[in-house]
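A short write-up of the structure that comes next.
Coordinate-derived values only; no laboratory data. Quantities reported herein were computed from a predicted structural model and do not represent experimental measurements. Reconstructed Cβ throughout: ideal geometry from the backbone, glycine too, with neighbour counts over all protein chains shown.
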Amino acid sequence: MTRKAVTMVAGPPRRFQAPRSLDGVEDKVILVICVIVVGASVVGAVYDWPPTVLLPLIFVALYAILRNLLPLRGMHETLRQTQAELGEVKAELAGHQCPKFRYYANNAEFYSALSEAVLGSAENQLDLWYVRQAPPTTLAQKAAKRYFENVLRWARENSSRSVRRLICVNSEEMRQWAFVHHAQTRQVLNYEAHIVEWDIKADLLNMAIVDERLVFLAFSGATGQAIRGMSMEDPEAAKYFTDYFNQHWLSSTRLGAWVLRTSG
C-alpha cells in the first residue's frame, strides 16, 4: 500500500517580539527596588544598622528618583527632533520681515532722524506731506530747519531723484510761505510741490515716505513747537501710505498753477 506523504505547510517561524520600549519593565524594576529600599531602611532603623550599610541603599534611591524625573531613554531622538523643529521655526521667522519701529519724543529727535534718512539712505524718491497751520519757518529747532534744507539739497545733488511734497494751505501764514517756497524751488525740476486747500483749523497727520520702504509719521502737540513722531521700516506698510498719498496728490493743485491762480 502506498502511503501518501502528507506535507504540512507551516508559516514562517514565529520570532520573539521584543517590547517596543523597555521603559515599562524598567519602571517596574525601579518600583520594586524602591519598595526594597524603604523596607531595608525601616529594618536598619529598628536594628540600628551602621550608616555604611545604608549608603548603597541611598544611592539606589537617588538613582530611582533621577530615573523617574529625567527619563534618559530616547533622549537623543527627542533632542534631534526638537532641533529640527527649532530650525523650521527659525527659517519661518527669517522669511518674515518684521517692521522696525522707532519713536521720537520731541521735534529735534524726529527731524534729526528724518534728515539722516534723507541724506544717508534715500536713493530715488521722497513723498512728503506738510499739513500744519504754521509754516516751517516758525519751527525753532535747528534740526527742523536743516531737514527742509536737506530735502532741497538731496534733490539738487542728483537730477534722477524725485521729490513730491503736498502742502496744506489753511492759514494766511501758510499762504505767504507757499509763495516764497515756489520762488525758492521752481528752478529745481525734480522737486514738485502740490497744494491742498483744507478748511480744518488744526494740524493733521504729517508724514514722509522714503523710497516706498521707510515711513515717518509726525504728530503735533499742544503748541506749535511740540512734535512727536515715529518711523517704521516695512515695504508692505509703506505701500499703503504711498497709496494714501497718491490719492491726495492726484486731487491736488500744482504749486505753480496755484500761485498763478491766487496771486491776482
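Looking at the square roots a ≥ b ≥ c of the eigenvalues of the Cα gyration tensor of segment 210-264, which shape do they give, rounded for a/c under 1.5, prolate if a/b is larger than b/c, or oblate?
Numbers: a/c = 3.43, a/b = 1.35, b/c = 2.53.
Oblate, because a/c is 1.5 or more while a/b does not exceed b/c.
Classify segment 100-262 from the C-alpha gyration tensor, please: rounded if a/c falls under 1.5, else prolate or oblate depending on whether a/b exceeds b/c. Rounded is the answer for segment 100-262, as its axis ratio a/c remains below 1.5. Pop the C-beta distance of Gln187 and Ala105 into the FRET formula with R0 = 35 Å and round what comes out to the nearest 0.05. The value I calculate is 0.40. Close amide H contacts of Met207 (hydrogens built in the peptide plane, cut-off under 5 Å, sequence separation of 5 or more or a different chain): Trp129, Ala218.
Oblate is the label for segment 143-232. Its Cα gyration tensor axes, ordered a ≥ b ≥ c, give a/c of at least 1.5 and b/c at or above a/b. Between Glu123 and Arg80, the modelled label-to-label distance comes to 4.4 nm, taking each label 7 Å out from Cα in the direction of the beta carbon. In this structure, the amide hydrogen of Ala193, modeled 1.01 Å from its nitrogen in the peptide plane, lies closer than 5 angstrom to those of Arg165, Leu255, counting only residues at least 5 positions away or on a different chain.
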